[in-house]
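*Asks:* First the structure, then my questions, so here it is.
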Amino acid sequence: MNVKELYQKTDGWLDSFGREERSLIAVLQAIQEEYSYLPREVFPYLAKEMNLNEAQIYGVATFYENFSLEAKGKYVIKVCDGTACHVRKSVPILNKLRQELKLDDGRKTTDDQLFTVETVSCLGACGLAPALTVNGEVHAAMTPEKAVALLAELRREA
Amino acid sequence: MMKEYMLIDKIPVPIEGEKNILALVQKAGIDMPTFCYYSELSVYGACRMCMVEDDRGNMHAACSTPPKAGMSVVTNSARLRKYRKNILELLLANHCRDCTTCEKSESCRLKELARRFYIEDVRFPNGKTEPERDESSVCISIDHSKCILCGDCVRMCNEVQNVGAISFVGRGSKMEVGTAFKVPIANTQCVGCGQCSAVCPTGAIVVQKNVTRTWEAIYDPNTVVVAQIAPAVRAGVAKELGEENGVIAAGKIFAAMRRMGFNHVYDTTTGADLTVTEEAAEFLERLKDDGPFPMFTSCCPAWIRYAENKHPELMPNISTCRSPMQMFGSVIKEYFEHNEKTAGKRIFSVAVMPCTAKKYEAIRPEFKRPDGTDTIDAIITTQELIQMIHEAGIDFKNISPESSSMPFGGTSGAGVIFGVTGGVTEAVLRNVEPDKTYSALQQIAMSGVRGLEGVKETTYQVGDQELKIAVVSGLGNAEKLIRKVQSGEAFYHLIEVMACPRGCIAGAGQPFARSREKAERAKNLYTTDNMTQIKRSESNPAIDEIYAKYIGRKAHSLLHVHYKVKKK
Amino acid sequence: MTRINTRDELIALRKKCIAAEKREKRKILVCAGTGCVSGGSLNIYAALKEKMAKEGIACEVELAADPHEDVVGLKKSGCHGFCEMGPLVRIEPEGWLYTKVKVEDVDEIVASSIQEGKPVERLAYKQNGVIYEKQEDIPFYQKQTRKVLEDCGRIDADSILEYLGIGGYRAFEKALFDMEPADIVKEISDSNLRGRGGGGFAAGTKWSQVARQKTTPKYIVCNGDEGDPGAFMDRSVMEGDPHRMLEGMMIAGIACGANDGYIYVRAEYPMAVARLRTAIAQAEELGLLGENILGSGFSFRMHINRGAGAFVCGEGSALTASIEGKRGMPRVKPPRTVEHGLFDKPTVLNNVETFANVAPILLNGADWYKSIGPEKSPGTKAFALTGNIQNTGLIEVPMGTTLREVIFDIGGGIRGGKKFKAVQIGGPSGGCLTKEHLDLPLDFDSLKKAGAIIGSGGLVVMDEDTCMVEVARFFMHFTQNESCGKCVPCREGTKRMLEILERIVNGEGREGDIELLEELADTVTNTALCGLGKTAAGPVVSTIKYFRDEYEAHIREKRCPAGACQKLKRFTIDPEKCRGCSKCARNCPVNAISGEVRKPFVIDGSKCIKCGACKDNCAFGAVKEG
């Protein structure tokens, strides 16, 4: 972790969003988007710059599902487990992906840092159920087989 | 205007400015079950125990529903009973049930309510987690597995104290109270004020104990155990020891402690008199040298730590006087180490304090003596003292009062009122006011320094100088005042800061108390002051003796301290 | 775009846009909603553009101020709602709708529909052997009344000029220059517009309460945190017709005396955020947002906040806490949001669909609005129709339309010829409705009576193969996971309810579990702090009410009547069909299958872990599941 660079970038976001408490979530989102997670080093820095307590920032970061305190894989696969996807059998897709990548509910990222598999409560793409996203891009009408093929494709791409 | 009423259990109860139904219910003589409601904290509304039912069968949380004229609610019904039992059962299902070994056992709110609502069986699998202890702090001890997430500590730490060492972490059933990245509490901004433990309804946050260490010193024939007792302690022990709340118990405490085996028992009030003398001198010096102002008081160790953490720029403004405990501690070690009778024996200096932060102050490197030993060897909180008295089986109610040991036996009223917010200021004013008449004393008392409000601002005329004074208790209040000062909005010569709201009488080392009991403790100290013949610190003959006989030229180095300022 | 400074300039610009819109003789609208984009609609758009350039067809991507005659408009539109059939391409003025379009179809579309003026029949929607060339004739659309979604799918969401071209910002203009704030509030109150976010609270009442407050500043907050799984109508409005929602918020600003609007958009809706940002930037550029709008003295600024993944932030006080940069935990009320809302100031909080209803009400009047649907729940409601239904998608019907019309006429009935079992309405906060409710009118009050809620409008249709206990478990899992953790009944109660439901679907249910669930449901419903908790037990209560026998079968007989619960499945080998190849035994991970080669094999039920490997591997269809 290049801390100096992290602080520099964070300064940029603080300048554009503001240093008040209300900007906290937007700043964390910017950091998360850049680094795919929230590096620990940024917490004391934000606390100082925004005049907040570290515990409070940590409390916010751990409240929202989208923030991660650990680095994620190159491809973040989110399997939708919303109602529409669930009744159209999204669970077997999730299970297949986890089985292929040797992941589980607690272990979400592969050792080679290539894949992270998570669930999301609804992508709002219910018409395309069951759906999943890879780095935000929606893949519609999935099946366990299609999911395996998708993994192979992503591996080739990587 | 016509009085407005609300019907509580069919009884009309007048609405007199109460903010919520719960206050009205309490007024109606009902002890409402609640975990998260404290009149001193913001309304959180999370435990849902204080529900009441209106005549249409709707449920309202009494803590967060304003009273409405003509509204009728019941506090006990078949449904309410079921809900309360369910909530308690749900809490117990996740909770440690080893009550016999839990130190909060006697004062645990969860246990109390579980018994009160007669929970016979918990129908859910035991979800209790393994004890997850954080013993890193010398002030408090945390066991997450006993937490019921009422949030009292979080609101205390953040809203009242503005310390922000802890927060809610995570969400839902995985939520916890914790520090950033779960680092040990000692590695955070925690100032050790312990107010979190004072509001914790269960054994999740408790005071760190030095009881065993103290007993061991007492049992050791080669150790001389010397104790000092802080002013607020005498006002805090009574209720737990079977006395009427408000009984002045100093004499009985001395007697009980001697029975327990303490060799010498002194009154920290003497230390307070030293502090007044030194602090007043420093203040007059600053008035002469034109600053730096404001001068902040230095008695409260939690305040010192708060300033170090959040306002290192203010450290030069803080008085260099050691706290009364440390001043007196220096004198005690100095005296006994040079005393023939105790030569060759280990001197074990114990301070009985209403305070948890003192436990940290005692181990600070600044208070190491030249030989590397600590000035104070153990801090016993009021709660621990009570525990020791119980352990020794002493019938406190019937013990005859005794006086403190000699020398240093003399005390003043000025020293006693140190235990309540405004007391230090009043004591200093008694010293700097050249008019030593009774009416001058009255004038000082009426000047606005007294009262349990969190922030008091006043002026006092000394000669041709008008002194601008502020007295704050509660670190959140201190922070607000600091902002006013730093923004140039306000100017003060002297600011007294006590970390605990209302001062040391409400310290976290004291037994649990509600607002009314805290007010009684304050009254208690002022009564003691009234009954003391010596009103001013400098009139205490023990003080002159100490300077002349025991510390002499070492006075400055023994009574003052320079904290090492950390870089922010 | 140049800034417009007066009302007259706005009127002139709008006229120009309307004229330009009319001059576009033919239009190709490529759906660019999230659904169709994921199906590749943007590639189709690019291919269309390229093809037309190659063919020398004058093609207009953006509405030009001075278009030449005979131009063909090519637009990226918002969601058409018929997501199941995407990617969709619509040709105007005929209204032809092409479904499941691929890049390969582009040449034919251009040649036939643009150059020759004929529909491409092969791409038209077919149902029961009937070919529907025109979108309006398709049964899915025929029974709908699209008011809020009227222009979704008809205009380019990235162009404010297009919005002006269909008469946009007329209501705002009227509110700004021709009406007093009190008149606006009165019109909204008279219309009986009820909040579309769940509770159905009268919007006019909220507005008037905020308008009355003396404290300033005041805020207008739009709840776009559409978190109910199975609901996406707000997303479609934000993506497809963002200005319509902005216009509603700006009108609320005039009515209540607020100068700042905050839009809280769910984290999972990146496209909605992008479109809203574009829309706000364009409105600012034109001078419709910002300081002293059109010289009227009224200023309004718009802010976007993105959610960070917390369903509970759909609750008002949690949402405002989140905008303030805090943990999104609901707080006790009072004080209410209208008095102490965002930043502790008076706040109007409505959802996307509610704000999207404002402009037409102001233009057409409260009486017009009340003429649609029942008097006490007037207007239309958008529903997201999903699950085991033929036509998934986004629909809009007048309030009071029956469930039967929605599911069978618009939705085309159940997929794969299965039987209808139930519909879950209102997401995790709602309840299920069954066959007996098919003729129930969908409006706030009728649903409340039936023990369900409209919620945000998700309708998840379930067929006979769906296990209702499992559905209850699914929703409880969701709510439990999304509970903020603040109040005891929700945090601990939902956890224990989930625990009980899990053991029931796993075949470990005990006698008394149903009663314990009911007891906890009662406690949680009546004591939880916020709406999320108070409604958390809805799915459990309603499934127990209508499908108690399914619960009992799970508990007493360890049997799932729908055959859906994995752990309760029984695998057997049909001796008639088994050829004794031993493949099943070799694939069984726990050695539960035994037998002699060329003789029928047997499964030992006590060892079987119900993984289904035997069934997957049997070449003769001899393994039976049930």
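*Asks:* Any residue in the stretch C:550-565 that is at pLDDT 95 or above and under 32 Å from the mean Cα position of the chain (by Cα)?
*Replies:* yes
*Asks:* Which one of these does B:TYR38 not meet: (1) closer than 24 Å to B:PHE168 by Cα; (2) within 14 Å of chain C (Cβ to nearest Cβ); (3) touching an Asp or Glu at 6+ places or on another chain (Cβ under 8 Å)?
*Replies:* Only one criterion in (1) closer than 24 Å to B:PHE168 by Cα; (2) within 14 Å of chain C (Cβ to nearest Cβ); (3) touching an Asp or Glu at 6+ places or on another chain (Cβ under 8 Å) is unmet by B:TYR38, namely (2).
*Asks:* Please indicate, with yes or no, whether at least one residue in the stretch B:44-59 is small (Gly, Ala, Ser) and more than 29 Å from the chain's Cα centre (by Cα).
*Replies:* Scanning the stretch B:44-59 turns up at least one residue that is small (Gly, Ala, Ser) and more than 29 Å from the chain's Cα centre (by Cα).
*Asks:* Hey, another quick one. Scanning the stretch C:284-323 for residues that are β-branched (Val, Ile, Thr) and more than 10 Å from chain A (Cβ to nearest Cβ), which turns out farthest from C:SER429 (Cα to Cα)?
*Replies:* C:ILE293
*Asks:* In the stretch C:457-479, which residues are within 11 Å of C:ALA536 (Cα to Cα) and buried (at least 24 other Cβ atoms within 10 Å of the Cβ)?
*Replies:* Residues satisfying the conditions are C:ALA472, C:PHE475, C:MET476, C:PHE478, C:THR479.
*Asks:* I'd like the residue in the stretch B:60-75 that is of a type in the set (Val, Ile, Thr) and away from every other protein chain (no Cβ under 13 Å) and, out of all such residues, is nearest to the chain's Cα centre (by Cα).
*Replies:* Of everything passing the filter in the stretch B:60-75, B:THR75 is nearest to the chain's Cα centre (by Cα).
*Asks:* I would also like to ask the following. Considering only the stretch C:520-546, how many residues are within 11 Å of another protein chain (Cβ to nearest Cβ) and β-branched (Val, Ile, Thr)?
*Replies:* 4
*Asks:* What are the residues in the stretch C:607-623 that are over 10 Å from C:CYS588 (Cα atoms), among the aliphatic types (A, V, I, L, M) and buried (at least 17 other Cβ atoms within 10 Å of the Cβ), if any?
*Replies:* Result: C:ALA622, C:VAL623.
*Asks:* For the stretch C:246-275, which positions are aliphatic (A, V, I, L, M), in a helix (DSSP H, G or I) and out of contact with any Leu (no Cβ under 8 Å at 6 or more places or on another chain)?
*Replies:* C:MET249, C:ALA252, C:ALA255, C:MET271, C:ALA272, C:VAL273, C:ALA274
*Asks:* Scan the stretch C:289-326 for residues that are touching a Pro at 6+ places or on another chain (Cβ under 6 Å) and closer than 19 Å to A:ILE57 by Cα and jot them down.
*Replies:* C:ALA318
*Asks:* Then there's this: Could you please find all residues in the stretch A:96-130 being within 14 Å of chain C (Cβ to nearest Cβ), farther than 19 Å from C:THR466 by Cβ and not hydroxyl-bearing (Ser, Thr, Tyr)?
*Replies:* Of everything in the stretch A:96-130, those that are within 14 Å of chain C (Cβ to nearest Cβ), farther than 19 Å from C:THR466 by Cβ and not hydroxyl-bearing (Ser, Thr, Tyr) turn out to be A:LYS96, A:GLN99, A:ASP105, A:GLU118, A:VAL120, A:LEU123, A:GLY124, A:ALA125, A:LEU128.
*Asks:* Further question on the same structure: If you take just the helices (runs of 4 or more DSSP H) that sit entirely in the stretch B:327-421, which of them hold at least 1 residues that are not assigned by TED's automatic domain parsing to the domain that holds B:ALA256?
*Replies:* By residue number, no helices (runs of 4 or more DSSP H) qualify.
*Asks:* I would also like to ask the following. Quick one: in the stretch B:163-175, which of the residues that are buried (at least 20 other Cβ atoms within 10 Å of the Cβ) and more than 7 Å from chain A (Cβ to nearest Cβ) is farthest from A:LYS48 (Cα to Cα)?
*Replies:* B:GLY172
*Asks:* Can you find a residue in the stretch C:148-169 that is surrounded by fewer than 20 Cβ atoms within 10 Å (Cβ to Cβ), closer than 30 Å to C:PHE408 by Cβ, outside the structural domain of C:GLY431 (by TED's automatic domain parsing) and at pLDDT below 95?
*Replies:* Yes, the stretch C:148-169 contains a residue that is surrounded by fewer than 20 Cβ atoms within 10 Å (Cβ to Cβ), closer than 30 Å to C:PHE408 by Cβ, outside the structural domain of C:GLY431 (by TED's automatic domain parsing) and at pLDDT below 95.
*Asks:* For the list (1) within 14 Å of chain B (Cβ to nearest Cβ); (2) at pLDDT below 95, I need the number of the one condition that A:THR62 fails.
*Replies:* Every listed condition holds for A:THR62 apart from (2).
*Asks:* Tell me the helices (runs of 4 or more DSSP H) entirely within the stretch C:356-454 that contain at least 3 residues that are crowded, with 24+ Cβ neighbours inside 10 Å and either among the aliphatic types (A, V, I, L, M) or at pLDDT below 90 (or both).
*Replies:* Of the helices (runs of 4 or more DSSP H) lying wholly inside the stretch C:356-454, those with at least 3 residues that are crowded, with 24+ Cβ neighbours inside 10 Å and either among the aliphatic types (A, V, I, L, M) or at pLDDT below 90 (or both) span C:358-364.
*Asks:* Now, a different point. Being modelled with pLDDT of 90 or more, more than 13 Å from chain C (Cβ to nearest Cβ) and crowded, with 17+ Cβ neighbours inside 10 Å is the filter here; which residues of the stretch B:93-108 pass it?
*Replies:* B:CYS102, B:LYS104, B:CYS108 - these are the residues of the stretch B:93-108 that are modelled with pLDDT of 90 or more, more than 13 Å from chain C (Cβ to nearest Cβ) and crowded, with 17+ Cβ neighbours inside 10 Å.
*Asks:* Residue check, A:LEU28 against (1) more than 20 Å from the chain's Cα centre (by Cα); (2) buried (at least 18 other Cβ atoms within 10 Å of the Cβ), all met but one. Which one?
*Replies:* (1)
*Asks:* Determine which single condition B:TYR563 fails, assuming it passes every other condition in (1) over 22 Å from B:SER412 (Cβ atoms); (2) assigned to a helix (DSSP H, G or I).
*Replies:* B:TYR563 satisfies every listed condition except (2).
*Asks:* Suppose we keep only residues that are touching a helix residue (DSSP H, G or I) at 6+ places or on another chain (Cβ under 7 Å) and surrounded by fewer than 24 Cβ atoms within 10 Å (Cβ to Cβ) within the stretch C:97-108. Which one would you say is nearest to C:ILE44 (Cα to Cα)?
*Replies:* C:VAL103
*Asks:* When the stretch B:539-553 is examined, which residues are found to be of a type outside the set (A, V, I, L, M, F, W, C) and under 27 Å from the mean Cα position of the chain (by Cα)?
*Replies:* Selection gives B:ASN540 alone.
*Asks:* Then there is this: So, restricting to helices (runs of 4 or more DSSP H) that lie completely within the stretch C:485-585, which ones have at least 2 residues that are farther than 29 Å from A:PRO92 by Cα?
*Replies:* Answer list for the stretch C:485-585: C:513-527, C:531-534.
*Asks:* If a residue has to be within 19 Å of the chain's Cα centre (by Cα) and surrounded by fewer than 24 Cβ atoms within 10 Å (Cβ to Cβ) to count, how many in the stretch B:137-153 make the cut?
*Replies:* Count: 3.
*Asks:* I've got another one for you. Any residue at all in the stretch B:224-240 that is within 14 Å of chain A (Cβ to nearest Cβ), assigned to a helix (DSSP H, G or I) and not small (Gly, Ala, Ser)?
*Replies:* no
*Asks:* Spot the failing condition for C:THR337; the list is (1) part of a loop (DSSP other than H, G, I, E, B); (2) touching a Leu at 6+ places or on another chain (Cβ under 6 Å); (3) within 12 Å of chain A (Cβ to nearest Cβ); (4) within 20 Å of A:GLU21 (Cβ to Cβ), and only one is missed.
*Replies:* Condition not satisfied by C:THR337: (3).
The values are calculated or read from the model by the stated rules, or taken from the named source; none is laboratory data. Treat the numbers as computed from the prediction; the structure is a model and nothing was measured. We place every Cβ from the backbone using ideal geometry, glycine too, and count neighbours over all the protein chains shown.
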